[in-house]
Every structure is written in structure tokens, then in C-alpha cells.
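Asker: Take this structure first; my questions come after.
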Amino acid sequence: MWRNYLTVALRVLTKERTYAFINVVGLALGLAACLALLLYVRYERSYDSWLPGHDDVYELQTFYTDSQTGEAGAMQMTQYVAGTTLRQHVPQIANGVYAMTSMPTVLRGREALGIERALMVDGNLLDILRLPLAYGDPRTALSRVGAVLLSEAEARRIFGDANPVGRTVTLVEHGAHVDHAVTGVFRDLPRNSSLRFGMIVRFDPPSFFADQPEWLTSFGDFNGWYFLRLRPGADPATVHDAMPAWRDRYMPPAMEDGRVTRPGEGFEWRLVNIGDVHLGEAQAATMTEGNDQRTLITYTVAALLILGIACFNFVNLATARALRRAREVALRKVLGASRRQLIVQFLGESILVAVAAMLIALALLELALPALRRVLDADLGVDYGGDPLFIGAILALVLLAGAVGGLYPAFYVSRFQPALVLKSSAATPETGRSGLLRSLLVVFQFAVSIGLIVCTIVVYGQSVYGSVADPGYRRGGLLQIGIEGIANPERGRRSEALVRELEQVPGVVSAGRTSIGVATPNHSNTSLHLPGREPVSLGNYRVDEGFFETMGMRLVAGRGFDVNRPMDRSGGAPPGADPAVDQALIARGANVVVNELAARRLGFANPADAVGARAEAAFLDAGPVPVTIVGVVNDTRFRSIREPIDPIMFRFADDFLSHIVVRYDGIDPAAVRERVRRVWQRVEPDVPFDGEFSEDIVERLYGQEQARASVFAGFACLALTIACLGLFGLAALTAERRTKEIGIRKVLGARTRDIVQLLAWQFSKPVIVANLIAWPAAWWAMREWLNTFDARIGLGPEPFVLAAVLALVLAIGTIAGHAIKVARANPIHALRYE
């Protein structure tokens, strides 16, 4: 019996090759798209699951709300003092380590090598993050200050293939060459990790920040991450419950100008499991670019919808084909076949098609994976032998697609009464119910396709907008150079001399130094208090006198910094190195420049009104510093358009600057970069040159968004292709079924154009109805998605109209061939037996 079923199924497929091809290929495309999207979703959810014991590892993240605007924010970084005091206060915390990034210089002979990123830790990080080691003992590798761990890639680059444990690596620290012993080598971090570094260095924060001790106790500086491991069985909710008492102990309220204030006001801290960091709420100040649950839900829904299009396409064609086999079913019933046997036969044929489609889908998936890996920068792969979950998904999809495609035809056709079918002259006993079902399925297919196209247009438009929107500075002609490798105590003098040298380079217009630049990850805040008003939290960043001109920022009111005005300087000597320096700064005060948003937050409707205002800024632990606002510059978007523009206070200071910005004009960018590099190597031979054009930084900033938009566009086009394949098959069946009707119409005087219009209108109606379903759903989804951006495009009618026109044109183009062929046919051939 089973052999007979298989023989009949193969004969049916080979007899109707066109419909078999459409069925198999359409279903294969849907299955391949679904598997690819689900692979990506699974990959994104696998972040940091490779880390041994990750269930007990947490990151202390900072959440905040602006007291004046109510805007909420969240960052993965936290203050050093928050992590250290919380660890001391809560007994459920077994261990905690603070980690901050650095860009050290490694010397190999006379050659200066840069590290992608080094992590400086104040304890044995391997007790928290149990990184697999290739060499070394995890219990002692970071037990002492100065110990260094290298990744496998960095160890090979510096020492070759030999075991480097016990060997010496020379780092440039504070202007001196310091030798460190390599105590271990950790395995290269996989891509599905929220961690990214090539070196771990054990350091002592009090010694490292001896020239800036307030950093250890400040709640306004965010320069690193705090990782915690809870004791076995401890619940993070218990830690959260202990936080109010912790705040009362370590952040006691104080009376200031008649109001109660406390350190860390406006901040909230949460423990987030390391496995949830990548998709968590906090996506500012990260080691690697994260993702969000909403995006993955969108991809999952898109995968299921594309699979639904393919399956419904399968149902449509399978039903239409099954109706043509009505006489075959009637004869089988007359010869004794039961309804159960007919159902099994139709389901078997459907599952056979699904198996063939899955084999083709897996082949397509393997062909597409290299491109997806490259575009999404993800290690997507399939392990057919060792991944039972994926094998289970394959089997489930085959059974689901086979069942969906075969159940309705099996139960519907097996109900036919043999007497009615055999005495009827119609070869296909079509009913209104089956025709309505096919129309509804076509509407669904095109509704999904149109919705995906609308979403693709909006997502792509938003990603392009992010890279071309006015950021408040002149993006073109700007080169940004990292100077974190220059030693701290001498950084001011050395970087100033370097800027003077760079200004002499042919083609360079100006240069400036800053502690904030294009897409830099650092966050620094302080409070500014005007008499009689509530304190306002502002970004606190150091710049020099050439920064605003070099960036192309506009002075809205007042003036910029002047090197000849001593009051403009709020640094000069490293703060905290000598208490007298801090006291002198507090005694004389300093001038600052704010941006327009900061002026508004301070209560000034007109920027000019802010000029001359006096306030107190809390950027020194020794006490509030009297400051005078001497200028207001335009708002500038240094970070992604997902993040709100920061209200910023700029200070003129030489200490702890992180970047040099260089403005050039009238010269090839590659040529000016090479000239700047040569000057750098002459002035700073011990520090690798790290210069990037602002356009490249912005492209990288939005690269992942554009990659996801491209992938989404590809799958939207695939969905529309599958829908058109199904429409092509249905148009062929409809044209074949209506041959006699069309012949009679032509005999009665209908022109070819009239017949084509009739058939085109019949298949255009479902597409038009599909728009009425797709537009509201796509509008709601895209409105919610766009609301996650601080700056966004308008959601106008253009994407909806474009998607509708595209779908309608493709639908008409798909059925045009059949319509024209039938309309031009000689009616004699259709009516010769009548």
C-alpha cells in the first residue's frame, strides 16, 4: 500500500512539473528564510552562555532619570565607588571586580604595538569571569598587581607560537617603560560575547589614580564596569532589597543651600546577569554593540510570517491541484478506498513535497550562511550531528509544512460523493468555499509581504538618516586620534606640543584636544547648581581652546575659551596631585562653556541670558568650584541617534584628554592621514598611531543597523517572491479553468484588452485588500520602533504607497503572461467540443 502511495505521489509530481516546481521551490525558500532568521535569533540569545558558571555572574548597571525632563537612561558602566561599597555592604556578594578599558602601548624591541583593548582590573577577574585558559593557573594568574594575561591572538602576535607564561611584556605607563610578567593566556573570546578585550592587567586603583583621587569616590564618573559573583543560592532580588540601606550608609544626605542632597542622586543600580547584558535595557557605555528584545521578536515574527506565506502558498496550490483530482478520488472510492486511506495518501504526498523542499532549503541555507556571517558579523553555523535542537526544528518544520499543506486538501477532497463527481461534466468541482479560502490566503500572503516591505523601507531610511543627519558639527574633513596612550602626568604638555606640530602639517586647518569625541564611549557627569535653583546634572568634559573651531561647532552666545585668560582654565596641573591646587581652583573659580540644551536645563530660555551666570560645579571632591558661564555653543550629537543629546558643560583643561581632532581641507584624506601619522611617529614613537576619519567612525556606528536593514530587506523581497510564485501558479490554474468562459466572451465580442483587464482585476483585488490589512499593522510596528530613537525620520505615506505600488506591479506582472496567452487564444479550440 505504501509503495502504491509513493508511486502515485511521484507520478502526480512528474505529471504536473510546473506546479510541483512552484510548490517545492516556494516552500524551500520559505523554510530557508525561516531557518536563517531563527538561527540568527538563537545566536543573539546565546551571548555569554559559553562562559562557565555564567548563571551566577552579574554586571552592576546604572539607570538614571533626569530630574527636570524626566528622560530615562541606562548604561552598563557604573561608578567605582558604587561597586566597591555595595560589595562591602551585601554579604550575598561572594566577590566583585572593577574593570576599565585602556589602550596600552606594547613594546616589542623598538616597535610600538597597539592592543585592540586592554581590561584593567582591581582583582582576580577569573574568579568572576571564568575565562578558559590556554596557559596559566586561574587561581593565581591575576593574584598580584602588575600581572598580565594575553588572549591567544595577542600572545601569538607578540611572542609567536611559544608559551609566553613567565616571559616579560613591556608596557608604556606614565611615560616610562614598565616590564610586566605574563602569567597566563586566555582563549580568544567568541563573537557571541558582550566582552571584548585582548589583554587583562591587574592594577591598583589608589596608586593608578594618585593624581586624581576624587575619581575613587565620585558618583559622577563612569569609566568602567563592575562584575559580581553571588554566593551559591543567592537571589539578586535580595541584593536589590539591600540597596536602600546601602545608599543610606554610603550616600548620606546633606544640607546644601537649604535643600537636602545626597551623592548619587538620580541614579539607580541593578544587577543584570551576564547572559542578559547583550539584550538588556542598558545599551549605553558598552564593550560591544548590543541588541534588543524587540528586534529579535521582530525577526522571529518575520520568520514565522515568511514560513506562513510559503505554507499558505502550498495550501493554495495543493487545494487547487487536489480539486483537479476529484474524479481520481471518486474512482478510488468506487473501487473501495476508505476516506482514511485517501487522507493518508494526500498527507503523505504533502509531506513528501515538504521533505524535498527542506533538502533544497538546507542547501540554500548553506549557500547563504557565508554572506549572512559577513553582513551580520555573526558566527552563524549549523552542526547537523551535534545539535539536537536544530535537527528537531528541521523535523518539526517538515511535519508542520506537510500537515498545513495536506490537511485541508485531504479532508476536503476526500468528502466528495463519487456519484455527483462522476455524473458531472466539470473536471474540477469548484465551490465557493474553496475559492474564498484561496482568496483569503492570497490576501494574507500579500498583506505580510507589503507589511515587510513597508518596514524595510522605514528601517533602511532610518539607518541612512542616522549617518547623514546633521550632528551639530562638520563631519567631513575631520580626523580623530586617540591619545590615551600618552602618559597621564605629562599628557597636557605632550599633547599640546603634538597639536602645535599637527597644525603645521600641509592641508591641516586646525587641531584641538578633548575628552569627548565622535562616538567615544566615555561618560562623565557633574552637577551644576545655580543659586535658588535645583542642581542640574550635566556632562563634564575637558577641551582646549581649539576644539570648537576644529569640530565646526557654532558659538551661539558669548565667547569660547582663550588661552590668555587664566580664569578659563580649570585644570592645568593634575587635580588632586596637591591639595593646594584644588583649593586654589576653588578659591579663584573658573569659566566654562555650555551647550544650548544645558542652558535650557539651567532655566535660560535665551542662550544669551546664560552668559555671565554664576554657579557651583561639583567636579572636585575638595568642594564645589565657583564657575561662570562665558559662552554657549550649539547642541552636538556625539553619539548614536538612539541616545538623547547630552546637556554638556565644557571645561578648558589639559589633564586626562582622550582625543585629538584635526580639521583638514583641500587635500586627499589618505594623504593628510599619512602626513599626520609621520608627525605622530616622530613626536610619540612609543605610542601606536590611532587615527580615524569621522565618516568611518559614523559608518561603523550605524553599520550594524544598516546590516540588519539589508538583511530585513532581503527577506522582505523573498517573501514577495514566494507570494508571486503562488500567484503565478494560481493564475495558471485559473486561466486553464476559465478557458471556455473566455472563449465564449471572445465569441460575443470581447477584445484581448478586455480579457486581460478582467483577469488582472481579479488578481489585483486581493492585493488591494491586503494593503488595508498591512498598512495599519506596519504603521503601528514602525511607530513603536522609531520611538526608540532620539532623532528619527517622519512616518509619512511614502513607504506605504511605494510598497503598495510595488506589490501591485509585481502581482500584475506575474499573471500578465497567463492573461495575455489566454486572451489571444483562438476560441475555436476551447469550444470545439461544445
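Asker: Take residue 203 and decide whether it is under 18 Å from residue 117 (Cα atoms) and touching a Ser or Thr at 6+ places or on another chain (Cβ under 8 Å).
Answerer: Criteria not met by residue 203.
Asker: Right, next: Of everything in segment 204-249, what is touching a helix residue (DSSP H, G or I) at 6+ places or on another chain (Cβ under 6 Å), among the hydrophobic types (A, V, I, L, M, F, W, C) and more than 16 Å from residue 264 (Cβ to Cβ)? Give them in sequence order.
Answerer: Those that are touching a helix residue (DSSP H, G or I) at 6+ places or on another chain (Cβ under 6 Å), among the hydrophobic types (A, V, I, L, M, F, W, C) and more than 16 Å from residue 264 (Cβ to Cβ): 209, 230.
Asker: Do the conditions hold for residue 40, that is, is it open to solvent by less than 10 Å² (accessible area, probe 1.4 Å), among the aromatic types (Phe, Trp, Tyr) and not in a helix (DSSP H, G or I)?
Answerer: It is false that residue 40 is open to solvent by less than 10 Å² (accessible area, probe 1.4 Å), among the aromatic types (Phe, Trp, Tyr) and not in a helix (DSSP H, G or I).
Per-residue answers, yes or no, for (1) over 20 Å from residue 722 (Cα atoms); (2) crowded, with 20+ Cβ neighbours inside 10 Å; (3) touching a residue at least 40 places away in the same chain (Cβ under 8 Å):
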{"position": "346", "(1), (2), (3)": "yes, yes, yes"}
{"position": "367", "(1), (2), (3)": "no, no, no"}
{"position": "371", "(1), (2), (3)": "yes, no, no"}
{"position": "382", "(1), (2), (3)": "yes, no, yes"}
{"position": "392", "(1), (2), (3)": "yes, no, no"}
{"position": "400", "(1), (2), (3)": "no, no, yes"}
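Asker: Inspect segment 626-634 for any residue being surrounded by fewer than 19 Cβ atoms within 10 Å (Cβ to Cβ) and within 30 Å of residue 583 (Cβ to Cβ) and give the result as yes or no.
Answerer: Yes: segment 626-634 contains one or more residues that are surrounded by fewer than 19 Cβ atoms within 10 Å (Cβ to Cβ) and within 30 Å of residue 583 (Cβ to Cβ).
Asker: It is to be established whether one or more residues within segment 412-426 are of a type in the set (Ser, Thr, Tyr), at pLDDT 70 or above and open to solvent by 10 Å² or more (accessible area, probe 1.4 Å).
Answerer: no
Asker: Tally time: how many residues in segment 564-584 are at pLDDT 85 or above, outside any loop (DSSP other than H, G, I, E, B) and either surrounded by fewer than 16 Cβ atoms within 10 Å (Cβ to Cβ) or among the aliphatic types (A, V, I, L, M) (or both)?
Answerer: Qualifying residue count for the region: 2.
Asker: Report the residue count in segment 499-554 for those that are farther than 24 Å from residue 77 by Cβ and in a strand (DSSP E or B).
Answerer: Residues flagged as farther than 24 Å from residue 77 by Cβ and in a strand (DSSP E or B) within segment 499-554 amount to 6.
Asker: Checking the structure you have, find out if any residue of segment 695-716 is of a type in the set (D, E, K, R) and either under 26 Å from residue 586 (Cα atoms) or assigned to a loop (DSSP other than H, G, I, E, B) (or both).
Answerer: no
Asker: Could you please let me know if residue 492 is at pLDDT below 80 and open to solvent by less than 20 Å² (accessible area, probe 1.4 Å)?
Answerer: Spelling it out, residue 492 is indeed at pLDDT below 80 and open to solvent by less than 20 Å² (accessible area, probe 1.4 Å).
Asker: Taking interchain pairs and intrachain pairs at least six residues apart, which have beta carbon atoms under 9 angstrom, with the first residue in segment 585-596 and without any contact (Cβ under 8 Å) to a residue 12 or more places away in the chain and hydrophobic (A, V, I, L, M, F, W, C) and the second open to solvent by 20 Å² or more (accessible area, probe 1.4 Å) and not in a helix (DSSP H, G or I)?
Answerer: Within 9 Å, the pairs are 587/626.
Asker: List pairs: first residue in segment 64-91 and over 24 Å from residue 287 (Cα atoms), second residue surrounded by fewer than 19 Cβ atoms within 10 Å (Cβ to Cβ) and modelled with pLDDT under 75 anywhere in the structure, Cβ distance under 9 angstrom, at least six positions apart or on different chains.
Answerer: 67/265
Asker: Looking at segment 621-635, can you tell me whether even one residue there is under 35 Å from the mean Cα position of the chain (by Cα), over 19 Å from residue 606 (Cα atoms) and in contact (Cβ under 8 Å) with a residue 12 or more places away in the chain?
Answerer: No: zero hits.
Asker: When the residues of segment 359-381 are narrowed to those that are under 21 Å from the mean Cα position of the chain (by Cα) and among the charged types (D, E, K, R), which ends up farthest from residue 708 (Cα to Cα)?
Answerer: Ranking the qualifying residues of segment 359-381, first place goes to 379.
Asker: With the requirement that a residue be at pLDDT below 90 and either buried (at least 22 other Cβ atoms within 10 Å of the Cβ) or of a type in the set (S, T, N, Q) (or both), what does segment 191-214 give you?
Answerer: 207, 212
Asker: Which of the numbered conditions does residue 245 fail, given that it passes all the others? Conditions: (1) of a type outside the set (Ser, Thr, Tyr); (2) over 28 Å from residue 523 (Cβ atoms); (3) open to solvent by 30 Å² or more (accessible area, probe 1.4 Å).
Answerer: (2)
Asker: Something else about it: Go through segment 586-607 and report how many residues are among the hydrophobic types (A, V, I, L, M, F, W, C), open to solvent by less than 10 Å² (accessible area, probe 1.4 Å) and over 13 Å from residue 647 (Cβ atoms).
Answerer: Adding up the residues that qualify gives 1.
Asker: Further, regarding this structure: If you take the residues of segment 290-306 that are of a type in the set (A, V, I, L, M) and open to solvent by less than 60 Å² (accessible area, probe 1.4 Å), which of them is nearest to residue 194 (Cα to Cα)?
Answerer: Looking at the filtered set, the residue picked out is 296.
Asker: Let me ask something else about it. Would you check if residue 463 is surrounded by 14 or more Cβ atoms within 10 Å (Cβ to Cβ), of a type in the set (Gly, Ala, Ser), more than 19 Å from residue 31 (Cα to Cα) and at pLDDT below 80?
Answerer: no
Asker: Let me ask another. Picking from 160, 220, 224, which residue would you name as being open to solvent by less than 40 Å² (accessible area, probe 1.4 Å) and without any contact (Cβ under 8 Å) to a residue 12 or more places away in the chain?
Answerer: After applying the criteria, what remains is 160.
Asker: Do any residues in segment 123-143 that are open to solvent by 50 Å² or more (accessible area, probe 1.4 Å) have Cβ atoms under 7 Å from those of residues that are among the hydrophobic types (A, V, I, L, M, F, W, C) and assigned to a loop (DSSP other than H, G, I, E, B), where the two are at least six apart or on different chains, and which pairs are they?
Answerer: Filtered contacts from segment 123-143: 130/51; 135/165.
Asker: Also: Just one of 165, 185 is open to solvent by 30 Å² or more (accessible area, probe 1.4 Å), of a type in the set (Val, Ile, Thr) and either modelled with pLDDT of 90 or more or under 30 Å from residue 271 (Cβ atoms) (or both); which is it?
Answerer: Of the residues listed, the single one that is open to solvent by 30 Å² or more (accessible area, probe 1.4 Å), of a type in the set (Val, Ile, Thr) and either modelled with pLDDT of 90 or more or under 30 Å from residue 271 (Cβ atoms) (or both) is 165.
Asker: Further question on the same structure: Determine which single condition residue 695 fails, assuming it passes every other condition in (1) modelled with pLDDT under 90; (2) of a type outside the set (S, T, N, Q); (3) closer than 18 Å to residue 551 by Cβ.
Answerer: Among (1) modelled with pLDDT under 90; (2) of a type outside the set (S, T, N, Q); (3) closer than 18 Å to residue 551 by Cβ, the lone unmet condition for residue 695 is (1).
The values are calculated or read from the model by the stated rules, or taken from the named source; none is laboratory data. On a predicted model such as this, the values are computed, not experimentally measured, just so you know. Don't worry about glycine lacking a Cβ; one is built from the backbone with ideal geometry, like all the others, and counts go over all protein chains shown. With ligands, DNA and RNA removed, areas are computed over all heavy atoms of the protein, side chains included. Shrake-Rupley method; radii C 1.70, N 1.55, O 1.52, S 1.80 Å.
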